1. Just to verify a number: FRET efficiency for Arg108 and Lys156, C-beta to C-beta distance, R0 = 22 Å, to 0.05?
2. For a label point 7 angstrom out from the Cα of Phe321 toward its Cβ, which stretches of region 253-294 have the backbone nitrogen within less than 20 Å?
3. How big is the Kirkwood radius of region 223-288, worked out from every pair of different alpha carbons and given in Å to one decimal?
4. Suppose we look only past 21 Å in the calculated P(r) of region 221-348. What percent of the Cα-Cα pairs does that tail hold?
5. What distance in nm lies between label points placed 7 Å from Cα along the C-beta direction at Ile264 and Val196?
6. Work out how much length Glu129 to Ile337 would gain on full extension: take 0.36 nm times their residue separation and subtract the Cα-Cα distance, in nm to one decimal.
7. Between the DSSP loop rule and a limit of at most 14 other Cβ atoms within 10 Å, which GluC sites (Glu not before Pro) in region 110-174 are left?
8. Compute the length gained on full extension between Asp314 and Arg163: take 0.36 nm times their separation in residues and subtract their Cα-Cα distance, giving the result in nm to one decimal.
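Bear in mind these aren't lab numbers, they're just calculated from the coordinates by the rules spelled out. The structure presented is a predicted model; accordingly, all values stated were derived computationally and were not measured. Here the Cβ positions follow ideal geometry from the backbone for every residue, glycine too, while neighbour counts run over all protein chains shown.
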Amino acid sequence: MQFKFKENSDKARFKTKDERKFNERSPRFSEKNTEYRENRTENRRDSRKPRFNREENHRPEQIYPTEGRKASGEGNVQIWVKGGNSAVKEKKTGPLSPRAPEKIKKNRAEEMKVYGENACITLFQQRPESIVRLWATVEGAKKLGDLMSYLAEHKKAYHVIDRAEMERVTGTEHHGDMCLLVKKSASFVLDGYLQVPKKQDCLVLLDGVNNAQNVGGIVRTCAFYGVKGIITENVDTLNSSAAARVAEGGLEFVRALETKNKQIALVQLRQAGYQIVHLTRHKQATALTKVKLAEKVVFVLSEIPASEIVYEEDTTVQLSFNNPLNSGLNVAVNAGILLNQWYQTHTL
């Protein structure tokens, strides 16, 4: 049964199927209203569009999972690299202004950068509390899971950067994909060190050795043979980033013994009962293998041994009588030969 009404009738009538598609609360819904609403919605969408091109200008952060693979234990950490491989503006740095804050000057004097894989990992194992900041490439960060977890736990900063930026941070391409900003290890005064009596001891005295590569090689050799102290007139020669890299972590086991003057140090060492050994190229000197080394000995190392200087109260030795060269061995090589002789005699 169907009910029919006139077209202009105000009485209710049943709606057809097509009419039910419209909103019942909008009896005057029309195509004109539909077009108006669509335009208004589109305008709202346009107003929410970003002002930059997402594909070109937006650089999302990238996440690189890493794992620690060192003997100290396993560790996992997520590395966030801002900007991905985006270009980084070069930072211009120079000497501090005389008006720079005292805190900045103090930090420059007390901190140093250490780069190189073995140097950084050894420092973390020996004195992690001295670390201030870390820079690492993605490749380097994969080897530093434990270190980065430690820094995150103690709320210390670390940055994952590309190799170009790493070269700017370290000033060299031989950075080993990682660099630490650390507090310098404390040095000792030679006079205070000698006041503690020792039955057996071996020290090295640097006489004008300033080349960072040579200093690093000597430090590494000293650590290898268990030498605990290096006497120097300038502590900064040991606290050098380049020397620390060559030392391969040796700076964590060898301490600087500061002296004002080499001659003063020699007098103090003689009074403390140390045998002082000098190197020479003089053919009349005694061979190292024929010299009996004392329990307490100091080896004096110089980049250019002076054959004309004779210390009558000390021991002077020659390493080779068949040397056809106009020069001797590298000072770091000399250190290895001398320390090995003492090590074989007194520790085995």
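1. Computed FRET efficiency for Arg108 and Lys156: 0.70.
2. 278-293
3. Values: mean 1/r = 0.0712 Å⁻¹.
For region 223-288, the Kirkwood estimate is 14.0 Å.
4. On the way: 3484 of 8128 pairs.
That tail contains 43 percent of the Cα-Cα pairs.
5. 2.2 nm
6. On the way: separation 208, 0.36 × 208 = 74.88 nm, distance 3.54 nm.
Extra length available between Glu129 and Ile337 comes to 71.3 nm.
7. Values: sites: Glu110, Glu111, Glu117, Glu129, Glu139, Glu153, Glu165, Glu167, Glu173; in loops: Glu173.
Answer in residue order: Glu173.
8. Numbers: separation 151, 0.36 × 151 = 54.36 nm, distance 5.04 nm.
Using 0.36 nm per residue and subtracting the Cα-Cα distance, I get 49.3 nm.
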